[in-house]
Structures are given as structure tokens and as C-alpha cells.
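First comes the structure, then the notes that go with it.
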Amino acid sequence: MRALVYKGPRDVAVMDMPDAKIERATDVLVRITTTNICGSDLHMYEGRTSMPPGRILGHENLGEVIEVGNAVDRVKVGDRVCIPFNVGCGFCENCERGLSGFCLTCNPGNAGAAYGFAEMGPYAGGQAEYLRVPYGDFNCLVLPRDAVEKENDYVMLADIFPTGYHATELAGVKPGETVVIYGAGPVGLMAAYSAMIKGASLVMVVDSHKDRLALAESMGAVTIDDTEDAGVEKILELTGGKGADRGCECVGYQCCGMHREEVPNLTMNNLVKTVKATGGIGVVGVFVPEDPGAEDKLEKRGAMAFDFGSFWFKGQSLGTGQANVKAYNRFLSRLIERDKAKPSLLVSHELPLEQAPEGYRNFDERKKGWTKVVLKPGKSSPG
């Protein structure tokens, strides 16, 4: 099968790889029809993780079931399915509690597994023609009849729509509240979208990329261009000096300052400043236990200089961690089915799988207009 393979920092290639296949009776084999490039893929692409060469990337996947193992009861050949980026077993303590992002079975010795991701188990990614899905009955979301028609909407259920929603859950967003979101990448935009779905009275999105802010504004958010480092003052002004009721961090450890230098603690400390006393903060941007590629000693150890004194004195609460996609994807899919949500509004580029390296390069360089790239393994390159 053709698949996108990580070869080294900023070096990926579409290559012939052994076909994915059924390995256990509980597996499902999916022919991938749409797979996305995620912002968190860029951490590996840039060489900022322990990802070894030779691995297939891709954890935002959707396709058609072409084979099922003998122990699979619910999922059938021909079903269109969206696959959460979390690989869960469905029966461990955490999965039973709805915390499938922290499965204790699928990545022994660690809490949590994922497709095509560093330190998240041996599972091949789905930026390929085929994908093996372990524990298929648990992990596959069978899609409604309009799955083909709305494929670019439903594929967002693999990660960024539930992850954006998860940010608002961690922050505790309620109807009528004000929300500030740091980051106008795909997850930040989905957090803004989710806050609006929940009935937030004011959603503010902070970033320095004008094209992404324009997309946030088109969704109904108030945008704050922090290029000149005046975002904190603008948020306080918009909230009468007290700060937002809730805040979401959707950038992560490679956050950059106004001069494009990395400042990993910038968004976290700005949230402490711009969320009100007793307010809630939700963090879904990726932070890692260690970052050997960082320049600062603290950053190398996955630590940061956090304004904990102000955080404590303001009585703020903090929720963190990757999304438990299965906790949200089924009811979010109903919003898509009933035309109440259209997450495909983020899609800027649709490319055949063979052009994935081009997609990675432009997305990584934050080229103007490259907000979300979807790959289509079944389509050939134009010309």
C-alpha cells in the first residue's frame, strides 16, 4: 500500500509499505478515504519528538470497512467509519470511565495510545491506503447515511472537533459566559466553534496569523491580533477589566512570541492574566515530558516558568490532557447530520495522498491560507 512515512526532521515521503491487515480477531481493516494533517503531526515532522524513522504518520482518519475479525460483532463490511485518534480497549478502568484517551491496555506502561504518534504505542498511522483498527467494535464510529456527502465534516470527528470541544469542557464553559482562546489553528478554531455551540456570549480568539483570525471572525468570534504583544490589555478591556470567565490553550509547547521566537510558557501565563478570579482554564495544546530540541534548560525537561502564585491567588482551576474522543464524537456527529455543525469550514486544501509532503511543508511554514489540509488516498494527483 502507499503510505506517508516519516524519514527524519522535515523529511516525509509517500512510499510502498506492507499492506495493513487483520492481526487479531477484534481488528477491523479500513480503506482510508480521507485523512488529515494535524498540527500535532508537525511536532514529529519538525523532529521535536522521539518518532523513529520508518513510521507511518496520521491519526485523523475516516474510511470504509473492508474486512472484520472473527470477534467483531457490531461493525460490518461496507460501513463508513470515523476512527478516534485514541486507540482504546474499551474494558480497562479508564476506558470504562469514558477516559479512552488514557487507555491502560493499548500502550503497556503508559496511559494512552494513538495511531502514528511518538510514544503512543506501535500503531501505524492512517495517512495511507489502509489502516488496521484494534478493538474495532469499540473504536469505530459508524457514520450516518450522509457519510460520503459530508466526509470532510465527519473526518473532523477523529480529533480536532472533539479536541476543541474538550478544551471547552476542561475550562467549564457554560451558556452566557465569556471565553478567551489562545491559538487560531484548527483546534483553536474548533474550540471557538464549540464555545459558540454551547452558547457563550463572547468568544475571543488570540493569534498573530491574520488569515486564521479572519476565519475565526467569519465564525462569529472577536479576534485579537497579538502581533504587537497587546493581547492581554485588549482582552481585559473587552471584559471590563475582570478577564474572561473561561480560557482555552490550543497552541502547546512550541508557542511563539511576537518575534516568532519560542516562548513555551507564554500562552499559559497570559491565560492566568486574562481569565478572571475563580475562572476555568482548559489546556489541549500539546505539552511534552521532555523536549530535547529546546534551547532553555527548563524546556528540555518539559518544564516551564508558570505564574503559579497568581494562578493560586486568583483561585483559578486548570484542566489538561488530550481529548477522550469517544466521549464526544457520537453526539457531535449528530450535529453534523442535522446540519447544526459544519466543521469542514476549516478545510483550505484537499490533496491526493501523493502530495502529502507538499501539504506538510506548506502547513509547517504557516503559509497564508493553509489552515487545514485533508488528504485523499483514493485520488490521483492532477495531471
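The helix-based estimate of mean residue ellipticity at 222 nm for the chain, built from -39,500 (n - 2.57) per DSSP H run of four or more residues and divided by its residue count, is -6500 deg cm²/dmol to the nearest 500. Think of each Lys and Arg Cβ as +1 and each Asp and Glu Cβ as -1; about the Cα centre, that makes the dipole of the range 1-94 roughly 140 debye. Estimated at the nearest 10 Å², the accessible area of residue 318 is 80 Å² with a 1.4 Å probe.
The P(r) of the chain has a tail past 36 Å containing 19 percent of all C-alpha pairs. Computed from phi, the 3J(HN,Hα) profile of the range 249-254 under the Karplus parametrisation 6.51, -1.76, 1.60 (θ = phi - 60°) reads 9, 10, 10, x, 6, 9 Hz, with x in place of Gly and Pro. The range 1-64 and the range 281-322 have Cα centres spaced 28 Å apart. Per residue, the accessible area of the chain comes to 41 Å² when a 1.4 Å probe rolls over the protein heavy atoms. With a cut-off of 14 Å between beta carbons, the residues surrounding residue 284 carry a summed charge of -2, where Lys and Arg count +1 and Asp and Glu -1. Across all Cα pairs in the range 234-383, the calculated P(r) in 5 Å bins from zero up to the longest distance comes to 2, 8, 11, 13, 16, 17, 15, 10, 5, 2, 1, 0, 0 percent per bin. Ordered by solvent-accessible area of protein heavy atoms (1.4 Å probe), largest first, the residues 338, 145 come out as 145, 338. With all protein chains in place and a 1.4 Å probe, the accessible surface of the chain carries 51 percent carbon and sulfur. Contact order, relative form, for the chain: 17 percent (alpha carbon pairs under 8 Å, 6 or more residues apart, mean separation divided by residue count).
What the phi angles of the range 129-138 give under the Karplus curve with 6.51, -1.76 and 1.60, with θ = phi - 60°, is a coupling list of 6, 9, 9, 7, 10, x, 6, x, 4, 7 Hz, glycine and proline written as x. Here the contact order of the range 1-93, divided by its residue count and restricted to Cα pairs under 8 Å and six or more residues apart, works out to 30 percent.
Evaluated with a Cβ-only charge set (Lys, Arg +1; Asp, Glu -1), the chain carries a dipole of roughly 640 debye about its Cα centre, given to the nearest 20. Close amide-amide hydrogen proximity is noted between residue 67 and 29, each under 5 Å apart and 5 or more residues distant or on a separate chain (H modeled in the peptide plane; Pro and chain starts excluded).
Qualifying trypsin sites (Lys or Arg not before Pro) in the range 209-275, where qualification requires a DSSP coil assignment and no more than 14 other C-beta atoms within 10 Å, comprise 242, 260.
What residue among 282, 315, 247 shows peak mean-square fluctuation when the chain is described by a Gaussian network model with Cα springs under 10 Å? For the chain, modelled as a Gaussian network with Cα springs under 10 Å, the answer is 315. Along the Cα-to-Cβ line of residue 368, 7 Å from the Cα, sits a label point; which residues in the range 174-203 have backbone N less than 15 Å from it? Hits in the range 174-203 for residue 368 at 15 Å: none. Pick from 53, 18, 357: which is most flexible by mean-square fluctuation in a GNM of the chain where alpha carbon atoms under 10 Å apart are linked? Judging by the Gaussian network model, the answer is 18.
Taking only the alpha carbons of the range 1-101, we obtain Rg and Dmax values of 15.3, 41 Å in that order. Bridges between two residues of the chain, per DSSP, are antiparallel at a rate of about 55%.
The values are calculated or read from the model by the stated rules, or taken from the named source; none is laboratory data. As the structure is a prediction and not an experimental result, all values here were calculated from the model. Heads up, the Cβs are rebuilt from the backbone with ideal geometry, glycines too, and the neighbour counts pull from every protein chain shown. Calculation scope for accessible area: heavy atoms of the full protein, side chains included, ligands and nucleic acids excluded. Shrake-Rupley method; radii C 1.70, N 1.55, O 1.52, S 1.80 Å.
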